[in-house]
Amino acid sequence: MTPRANSKWNLPPGLKHSLPFYANKPWVKLGEPILLFEHLHRTYGPIAHYRFMGTPIVFLNDPEYIREILINQAPAFVKERTVRRMKVLLGEGLITSDDPIHLRQRRIVAPAFHRQRIAAYADQIVSSAAAHRDRWQPNETIDISASMMSLSLEIIARTLFNTEVTDDVRRINEEVNTIMDLYNFLVVFPRLESFLHLPIPGVIKFRRSRSRLDAVVNRLIREHRAAGIDKGDLLSMLIASRDDQASLTETQQGMSDEQIRDEVLTIFLAGYETVANALTWTWYLLSQNPEVEAKLHAEIDTVLGAGTEARLPTLADYPNLRYTEQVFAESMRLYPPAWAMGRMSTKPITLGPYRIPPGAHFFFSQYIMHRTAEYFPDPLRFDPDRHTPANKADRPRFAYFPFGGGGRQCIGEGFAWMEGVLAIATIAQHWRLRYADTAPPGVQAKITLRPDGPLRMQILPR
Ligand code: HEM
């Protein structure tokens, strides 16, 4: 459906013409959507709109409007088009599916992410982080972004499949990366599914990559099923999980292999690069803020002991690493790995005085909200004390939302906090990292917010 403006609708202020009309403006650049969102926010305030190919697109930077979309009026929305098109890779997994499929899947998958279950992964996180840090040499310069990717790949391999980074995991990683690189090309097809059999070079590459990926993941699922035991990993949990709210007439309510495949790939994609980027930006920000770094070291030394007395963190230390958690939170404020989210309306939507038609797209950006001075005074200052319980209570819920919110809130949030805090503590216990270049790193807003090239840091002993 292509909604048209008429008297029934009252769209927020915004661009008079369709977006391509502004193609030569400095705030319209292919691959740099943050520039456009910043322009809309600066020019029109907390709610603005523009049109692209006839579709109204609303950009919001107001915590109450975001609450309307993610919670109060959530049933009137589905995921926006570019996420829906990821179904070609992720099928009906948690990120891409809509209700009622999503609701059922969420119920089935949730136990795998319960607090007690993920607590079991603490030791694996620490031992992976310790192995990484122990490979570093004093004074060497490394690309911290590559190193954090390797660390979180190892952690997801161990927690999802109970395996080291084997050739299988490397293959999954390579094929997912190939497909994500093709993604910008693939999303331009309006009905992508009907093009997938055509002999177009990018599409052929996609098809080959996807079938190699499926072969590895399906084999891992078969092997896990055949073993018939709970290996303690997420995949075992997904295989064993049942929908306890299903009626007895429905089939035995576990997931089919296809559904498990979709969830495995979804968790792999959602849970690895996000954490790696959050950690990468944390090291950069610490290197720029020595007084925060000193406070972090003081907490780590108090909790884990210093010098020859120092020991590795365990799950029991996690609740005592409060400042470390605030550092991680503040890093995700300035560099939120999920930098924007979107929804599409399936019904007419009322937001304040505005009335917006079905089929409109709605975007909001953690990157922009988290840098809004109204909620974060002196927004570019790196200040972990913004995340003390008292300071958090002073802000609206959706002024800070690195993990989204409502029924689609990140299911891996608890996992991500634990991974971030324990990895920071393990590494900062030994090393101080110094930024090795002078120009600040550029930012690339892809699916996650990454540095736009290698981020070189020098490793100094503490
Ligand atoms: C710092 C790390 C992470 C960040 C910033 C992050 C962010 C997010 C956000 C913003 C969403 C909501 C998207 C939306 O509503 O459109 C989401 C959903 C999701 N995340 Fe995360 N995530 C992180 C780590 C993880 C981890 C470690 C896992 C799993 C191991 C994970 C699995 C998922 C899944 C499965 C969903 C879809 C949930 C649903 O719709 O029911 N994420 N994440």
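Some observations on this one:
- Evaluated over the Cα positions of segment 1-158, the convex hull gives a direction-averaged projected area, one quarter of its surface, of 14.8 nm².
- Cα shape, the chain, gyration tensor, a/c 1.5 rule: oblate
- The modelled label-to-label distance between Asn320 and Arg106, using points 7 Å beyond Cα along the C-beta direction, is 3.7 nm.
- Charge-dipole axis of the chain as Lys and Arg at +1 and Asp and Glu at -1 on Cβ define it, positive-most pick from Val83, Val292, Ala240: Val83
- Placing pseudo-labels 7 Å out from each Cα toward the beta carbon at Arg42 and Gln409 gives an inter-label distance of 3.4 nm.
- DSSP bridge orientation in the chain - percent antiparallel, rounded to nearest 5: 80
- Cβ-derived FRET efficiency at R0 25 Å, Ala373 paired with Thr302, nearest 0.05: 0.15
- Förster radius 25 Å - calculated FRET efficiency between Asp385 and Arg242 (Cβ-Cβ, nearest 0.05): 0.05
- Net lengthening on full extension, Trp27/Phe195 (0.36 nm per residue, minus Cα-Cα): 57.2 nm
- Among the listed pairs Lys87/Lys205; Lys8/Lys347; Lys79/Lys446; Lys29/Lys446; Lys16/Lys79; Lys79/Lys347, those beyond 20 Å (Cα-Cα): Lys16/Lys79
- By the helix-only formula, in which each DSSP H run with n ≥ 4 contributes -39500 (n - 2.57) and the sum is divided by residues, the chain has a 222 nm mean residue ellipticity of -14000 deg cm²/dmol.
- Two-decimal Rg/Rh across segment 359-462, once Rg and the Kirkwood Rh are taken from alpha-carbon atoms: 0.99
- Rg [Å, one decimal], Dmax [Å, integer] - segment 321-377, C-alpha atoms: 15.8, 47
- The chain, relative contact order in percent, only Cα pairs under 8 angstrom and at least six apart counted: 25
- Our estimate of slack between Asp230 and Ala215, defined as 0.36 nm per intervening residue step minus the Cα-Cα distance, is 3.2 nm.
- Bridging of Lys231 to aspartates and glutamates at a Cα separation below 16 Å is possible for Asp123, Glu164, Glu223, once same-chain residues fewer than 8 apart are set aside.
- Rg and Dmax of segment 135-287, Cα atoms only, in Å: 18.6, 65
- Taking the DSSP bridge list for segment 1-150 and keeping only pairs wholly inside it, about 75 percent are antiparallel.
- Rounded to the nearest 0.05, the FRET efficiency derived from the C-beta distance between Ser127 and Ala294 at R0 = 30 Å is 0.65.
Since every read-out is calculated from the coordinates, none of them should be taken as a lab result. Everything quoted here is computed from the prediction, not taken from an experiment. Neighbour counts are summed over all protein chains in view; Cβ atoms, including those assigned to glycine, are modelled from backbone coordinates with ideal geometry.
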